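Trainee: Input: one structure, supplied below.
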There are 2 protein chains.
Amino acid sequence: MDTRTTAVEKGSRFLNEENSVATVNGRMGAEVSPRMKLVMSGVVKHLHALTKEIEPTHEEWQQAIDFLTAVGHKCTDWRQEFILLSDILGVSMLVEIINSRRPSGATENTVLGPFYLPEAPRYRNGTNICLDGKGEPLIVKGKVTDLDGNPIPGALVDVWQTNNDGFYDVQQKDVQPDWNLRGVFAAEWDGSYWYRSTKPRFYPIPDDGPVGQLLGRLGRHPNRAAHIHFIVSAPGYDPVITHIFPDDCPYLGEDTVFGVRETLISKFQEVRSSQDAKGLGLGDLEERFPYFFVNWNFVLTPSVT
Amino acid sequence: MDTRTTAVEKGSRFLNEENSVATVNGRMGAEVSPRMKLVMSGVVKHLHALTKEIEPTHEEWQQAIDFLTAVGHKCTDWRQEFILLSDILGVSMLVEIINSRRPSGATENTVLGPFYLPEAPRYRNGTNICLDGKGEPLIVKGKVTDLDGNPIPGALVDVWQTNNDGFYDVQQKDVQPDWNLRGVFAAEWDGSYWYRSTKPRFYPIPDDGPVGQLLGRLGRHPNRAAHIHFIVSAPGYDPVITHIFPDDCPYLGEDTVFGVRETLISKFQEVRSSQDAKGLGLGDLEERFPYFFVNWNFVLTPSVT
């Protein structure tokens, strides 16, 4: 880092267009932590660069103030409109990616989202977590391994998803059974897990607030691509927060929170007969035809403690 | 502007660290106005650049969400915490400067602030606007002219300031008389105006909210340099929103909202005797000694309609 200081870099007593960043950042006290200094200097630098680039009118500046205020006023204990804003601007996904750079071959992560509930019921493999009986049946099956393909017995596969109407149980407490489409499965001795569910649906993020209005003004729709959420964990491994996305979802390439990663798109195969099932190595699962099947393996990396 | 497009510039269906800006901005609809496109592209570009520079942890990202939420929740009909945030980061002043680039010699502008009230009482020149009798007496006297020094008779000088305790009347509705330290004066045939008041005091911006906490964490104090607010206007001229700052204020070089401009610092002279007054060309103003005197001229530019 260049440690030379000039009049402008040191800032001035009086702010002008040329010295503005250094003048604001120069006010920080000597006792401020280096991390806080770095973060806030960056915030000021980019805010000022943005202001100089777009040269907002007073009215536009006031609109920005009003928008942020409306976003704040929309936030409650159960609604986080600033996270939605971060989501639709791609910032949440970027933070996710930056914090989880994994070796090639490891399962990539994506956003946690607001609908996770800890302590979902633990089920034996093969259990159906679709408690409302809606939608197209689905079998999810696969293995949890390390980077070399060694099974990780006992790895926990914590899963949650929407029902066939595109809602999570917590969004429809009076309609869906408790813990509908949630469950925790443990990998067997060979790393394998499997469970029954329903095919997930795409759904809109809550768009009745200022972030929904912004999406409208940007000519964007509020839909997330259909997906199933997973947190896969095992002692000694870095837990991975991720989704899988059915490859036939029309919103795959335009997920409104930018959560889709190419490596997380999965083939949902339609199984129409016992012949289809045999071809996929499924055996007799006592599931009525037709149903969907996805084979999905998770690859964990050692934890870095 | 370079109109070539590359894969990255066009964005991708799937966001990654390299393509993130183009991917988010590429989602904007074709019907979005060019101005909206420019503004939001800039917002996304700088937000992502900032995120990549500081690489926030999940905890830091959550802190940012929580901070913005707290700022939003502090906003009410009578308190605008997002404007305070814009103020202490120098953004408000920058917007002010960008929107009022004036020819050399013209009175420079500064922030309006939250305490202006329209329709203050109109007084004849020489009236005392200090209705609570507190503080050190002050005489303000000067001329309103154009860039060539020609007087602008009838120009309106709309003035407001704190009392000697550092509060505006609207902040102490039960303590100060209505319209204390506010008034509108009209320039005479020769462009001159004058009025009596009290010497303004430095004061803290409201610092009992999240912005005050941020100032604390930045090692900064919440004080504005002492000042008197003016809006000076006349038909055919661009109205100027400005302050003057007494040159003896200890916070002159560290105004917490960066509102001070070098050209707006004014000499507040102490007048101790009729001899002093005569030396300053003040004649007999029937004011008890000692009092303060400031001579201040406003130079307006033609309106650009």
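A short reminder: the numbers here are calculations on the coordinates, not readings from a lab. Model, not experiment: these values are computed from the prediction. When we count neighbours, we look across all protein chains shown, and the Cβ atoms used for this are built from the backbone with ideal geometry, even at glycine.
Trainee: Can you list which of the trypsin sites (Lys or Arg not before Pro) found in segment A:83-145 are DSSP loop residues with at most 14 other C-beta atoms within 10 Å?
Mentor: On the way: sites: A:R101, A:R122, A:R124, A:K134, A:K141, A:K143; in loops: A:R101, A:R124, A:K134.
The qualifying sites are A:R101, A:R124, A:K134.
Trainee: Label position 7 Å from Cα toward Cβ: report the copy-to-copy distances for A:R79 in nm, one decimal, ordered from shortest.
Mentor: Its label point is 2.2 nm from the equivalent points in the other copies.
Trainee: Taking the Cα centre as origin and putting +1 on Lys and Arg beta-carbons and -1 on Asp and Glu beta-carbons, what dipole magnitude results for segment A:206-305, to the nearest 20 debye? Write down the numbers at each step before the final one.
Mentor: Values: 8 positive and 13 negative charges, 33 e Å.
Using only the charged Cβ atoms, the result is roughly 160 debye.
Trainee: In addition: Just add up the charged neighbours of A:G72: K/R +1, D/E -1, any other residue whose Cβ is under 9 Å from the Cβ of A:G72.
Mentor: That works out to 0.
Trainee: Additional query: Run the label-point distances for B:A186 please: 7 Å along Cα to Cβ, every other copy, nanometres, shortest first.
Mentor: Inter-copy label distances (nm, one decimal, shortest first): 9.0.
Trainee: Pairs A:K267/B:K37; A:K134/B:K37; B:K134/B:K267; A:K37/B:K267; A:K141/B:K45: which are spaced more than 32 Å apart, C-alpha to C-alpha? Please list the in-between numbers first.
Mentor: On the way: A:K267/B:K37 36 Å; A:K134/B:K37 42 Å; B:K134/B:K267 21 Å; A:K37/B:K267 36 Å; A:K141/B:K45 40 Å.
Over 32 Å Cα-Cα: A:K267/B:K37; A:K134/B:K37; A:K37/B:K267; A:K141/B:K45.
Trainee: Work out, step by step, the length gained on full extension between B:N99 and B:T76: first 0.36 nm times the residue separation, then minus their alpha carbon distance; give nm to one decimal.
Mentor: Numbers: separation 23, 0.36 × 23 = 8.28 nm, distance 2.71 nm.
Stretched fully, the B:N99-B:T76 segment lengthens by 5.6 nm.
Trainee: Let me ask something else about it. Place a +1 charge on the Cβ of each Lys and Arg in segment A:34-123 and a -1 charge on the Cβ of each Asp and Glu, then give the dipole magnitude about the Cα centre in debye, rounded to the nearest 20. All intermediate terms of the calculation are to be shown ahead of the outcome.
Mentor: Numbers: 9 positive and 11 negative charges, 113 e Å.
With Lys and Arg at +1 and Asp and Glu at -1, about 540 debye.
Trainee: Work out the charge dipole of chain A with +1 on the Cβ of Lys and Arg and -1 on the Cβ of Asp and Glu about the Cα centre, then indicate which of A:V157, A:G183, A:P290 is farthest towards its positive end.
Mentor: Checking the options against the dipole of chain A, the answer is A:V157.
Trainee: Moving on to the next point. Considering only chain B, pick the residue with its Cβ nearest the axis of the rotation onto chain A, and state the distance in whole Å.
Mentor: Taking the axis that maps B onto A, the answer comes out as B:G72, 1.
Trainee: Considering only the label points, 7 Å along Cα→Cβ from Cα, what distances in nm to one decimal separate A:E254 from the same position in each other copy, shortest first?
Mentor: Once sorted, the set of distances for A:E254 reads 5.4 nm.
Trainee: Of all DSSP beta bridges in the protein assembly as shown, what percent run antiparallel (nearest 5)? It would help to have the intermediate numbers written out before the result.
Mentor: Numbers: 62 of 84 bridges.
That works out to approximately 75 percent antiparallel.
Trainee: Report the charge-dipole magnitude of the protein assembly as shown in Debye, nearest 20, computed about the Cα centre from +1 at each Lys and Arg Cβ and -1 at each Asp and Glu Cβ. Don't jump to the answer; show the numbers that get you there.
Mentor: On the way: 60 positive and 80 negative charges, 72 e Å.
That gives a dipole near 340 debye.
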